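Heads up: the structure comes next, in structure tokens.
Bear in mind these aren't lab numbers, they're just calculated from the coordinates by the rules spelled out. Since the model is a prediction, treat every value here as computed from it, not as a measurement. Cβ placement follows ideal geometry from the backbone for every residue including glycine, while neighbour counts extend to all protein chains displayed.
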Amino acid sequence: MGNRILINADISKAQINKHIYGHFAEHLGRCIYEGIWVGKESSIPNTKGIRNDVLEALRAIRVPVLRWPGGCFADEYHWKDGIGPYEQRKRMVNTHWGGVIENNHFGTHEFMLLCELLECEPYICGNVGSGTVQEMSEWVEYMTFDGESPMASWRGENGRETPWRLKYFGVGNENWGCGGHMRPEYYADLYRRYQTYVRNYGDNRIFKIAGGANVDDYNWTEVLMKHAGGLMDGLSLHYYTIPGDFWLGKGSALDFDTDEWFITMKRALHMDELISRHGAIMDKYDPDKRVGLIIDEWGTWFDVEPGTNPGFLYQQNSIRDALVAALHFNIFHKHADRVYMANIAQTVNVLQAMILTEGDKMLLTPTYHIFDMFKVHQDAELLSVESSLGVCGHQGQELPQVMVSASKDHAGRVHLSLVNIDPGQEAEIYVEVRGLDAEELRPVGRILTARHMNDHNTFEQPSTVAPAPFEQVVADKTGLKLRLPAMSAVTLCLN
Ligand code: AHR
């Protein structure tokens, strides 16, 4: 009977929060320095120190929210080191990431400028692991207090009279690990204490995010929700797609076989179960879903590229990464009633990056193109979809071959996204659309695919994996018939 999809264009399930398309940039390797910040004196064209090519590329994918300064770096970061004249800023050792000197040239003012230039929401992660309550409290005062106060006056002396608007604030990062190796009971109490002093000044309202679980540590979520659920707006979750073993060898970004391809897809799909199970615990304490699940670190994590600093987490990015990203978006959409935000790790030059740079050169990765194609779903209404789709597999593993999601935007345009994870088989699909007249069906879209499983972009050949118009679709009065090539993602506007 083939692959069939029924889209109910008149049945909306939830709104897909645009923050699901969020990003994460840490002081790690060449993400901030080189990747984003080159300094005002650089020969690389820049706006007040921020490189223009990267700015332009990120603007094009409509980055809605950016998390900073870490990651593990956040719990070693002391914000006062990163303000004032550059020559007076403290030089420190980035002990967690490569032991390199951090000159603190990219600090609060520079990050807020970056967010202004990108027109995105800043999401700042505070230091619980090695910072004080006072330090965290004063950072929020420095950024958001309007009027006379010690921190607001200091901000003015540093060139910024008007406060910034800051909505998202994280109270620590991975407090079960690099953020302090705490037990959930201890962190829940610390969270209660620290968040008390994360104040709302004037009409600035802070959405407080508690440090959440590592992968399937359901007990962490249970304890946090039980003891601190009423004092948070969001609870985070971190899960990386690693085909190998975290300590013994994660696997190569480019040198992998079909077996590893399927393991990667299977592990990416695990996100679905993690959200369901953490979500079920949250439902117990928060049935109205007031607290958002904030998946503020996700993406592929492979071995670093040969010859690069192991502490810099620099990896290439292939069509496999692109499809992992597309699967995640479909999963996040499915759980749009609980998933409020997600932040891919990380924006430039680190892990599953959107952008790679080398000196003044820049390339867009296959993952970037998925963010570009899928941005049509930002803030759209998730539509009800019924489907009967085949499976694919390798060496006894059976996975769904095609994943699908559909949404309707503010202008009434219906968008359909499809992912075929099978690296060897195309999929023929019949799509029926209820709630749209057959004459309205004028499908136009783009496809991202490749010839080989490890196809990727290089500085010499930056467009090996790039979107192209999708032509293998025909519409008639019964709906659409389309052919989805092996290892491809497609986004179509139906009307
Ligand atoms: O994204 C890299 C690191 O992964 C982050 O710093 C940390 O939070 C996580 O373990």
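Counting residues in segment 1-137 as N, plug N into 2.2 N^0.38 Å and put the Cα Rg over that result.
1.32
Quick note on the chain: its Rg to Rh ratio, both from C-alpha atoms and Rh being the Kirkwood radius, is 0.97.
In sequence order, segment 24-39 has phi-based couplings of 9, 10, 10, 6, 8, x, 10, 6, 6, 7, 5, x, 10, 9, 10, x Hz under the Karplus curve 6.51 cos²θ - 1.76 cosθ + 1.60, θ = phi - 60°, and Gly or Pro positions carry x. The GluC sites (Glu not before Pro) of segment 96-153 that DSSP puts in a loop, and whose beta carbon has at most 16 other beta carbons within 10 Å, are Glu119, Glu148. Enter the Cα centre distance for the pair segment 446-485 and segment 1-47, rounded to the nearest angstrom. A separation of 20 Å, based on Cα centres. The distance from the alpha carbon centre of segment 275-351 to that of segment 118-156 is 27 Å, rounded to a whole number.
Taken over segment 313-385, the percentage of Cα pairs per 5 Å bin, counting from 0 up to the bin with the maximum distance, is 3, 15, 26, 22, 15, 10, 5, 2, 1, 0. In a DSSP loop and with at most 11 other Cβ atoms within 10 Å, the GluC sites (Glu not before Pro) in segment 30-91 are Glu41. Partners of Lys477 within straight-line reach, counting lysines whose Cα lies under 24 Å from its Cα and excluding those fewer than 8 residues away in the same chain: Lys408.
In summary, the lysines within cross-link reach of Lys266, defined as a Cα separation below 20 angstrom excluding same-chain residues under 8 places away, comprise Lys250, Lys334.
Give the total of Lys-Lys pairs in segment 1-149 with Cα-Cα distances below 22 Å; include a pair only if its members are 8 or more places apart or on different chains. Please list the in-between numbers first.
On the way: Lys40/Lys48; Lys40/Lys80; Lys40/Lys90; Lys48/Lys80; Lys48/Lys90; Lys80/Lys90.
Lysine pairs, 8 or more places apart or on different chains, close enough: 6.
Taking amide H atoms as placed 1.01 Å from N in the peptide plane, the amide H of Asn343 lies under 5 Å from those of Ile295, Asp296, Glu297, Trp298, each 5 or more residues away in sequence or on another chain.
With viscosity set to 1.002 mPa s at 20 °C, what whole-number translational diffusion coefficient in µm²/s follows for segment 390-434 from Stokes-Einstein and a Kirkwood radius over Cα pairs?
Numbers: Rh = 12.4 Å.
The calculation lands on 173 µm²/s.
With a cut-off of at most 14 other beta carbons within 10 Å, and DSSP calling the residue loop, which trypsin sites (Lys or Arg not before Pro) in segment 10-56 qualify? Please list them. Present the calculation step by step, with values, prior to reporting the outcome.
Values: sites: Lys13, Lys18, Arg30, Lys40, Lys48, Arg51; in loops: Arg30, Lys40, Lys48.
In loop regions of segment 10-56 (DSSP not H, G, I, E or B), the sparsely surrounded trypsin sites (Lys or Arg not before Pro) are Lys40, Lys48.
Compactness of segment 43-102, taken as the C-alpha radius of gyration over 2.2 N^0.38 Å, stands at 1.38. Taking the inverse of the mean reciprocal distance over all distinct Cα pairs, the Kirkwood hydrodynamic radius of segment 177-233 comes to 12.1 Å. Backbone phi angles across segment 263-270, fed through the Karplus curve with coefficients 6.51, -1.76 and 1.60 (θ = phi - 60°), yield HN-Hα couplings of 4, 4, 5, 4, 6, 5, 5, 4 Hz in residue order; Gly and Pro are listed as x.
Take every DSSP beta bridge whose two residues both sit in the chain, then give the antiparallel share in percent to the nearest 5.
Values: 56 of 96 bridges.
Given both bridge residues lie in the chain, the antiparallel proportion sits at roughly 60 percent.
For segment 12-64, just say rounded, prolate or oblate: build the C-alpha gyration tensor, square-root its eigenvalues into a ≥ b ≥ c, call rounded for a/c under 1.5, and beyond that prolate if a/b exceeds b/c, oblate if not. Prolate is the answer for segment 12-64, as a/c is 1.5 or above and a/b outweighs b/c.
Across segment 113-130, computed HN-Hα scalar couplings (Karplus, 6.51 cos²θ - 1.76 cosθ + 1.60, θ = phi - 60°) run 5, 4, 5, 5, 5, 8, 6, 10, 7, x, 10, 9, 9, x, 9, 9, x, 10 Hz from first to last residue, x flagging Gly and Pro. Helix-only arithmetic for the chain: the sum of -39500 (n - 2.57) across DSSP H runs with n ≥ 4, divided by the residue total, places the mean residue ellipticity at 222 nm at -7500 deg cm²/dmol.
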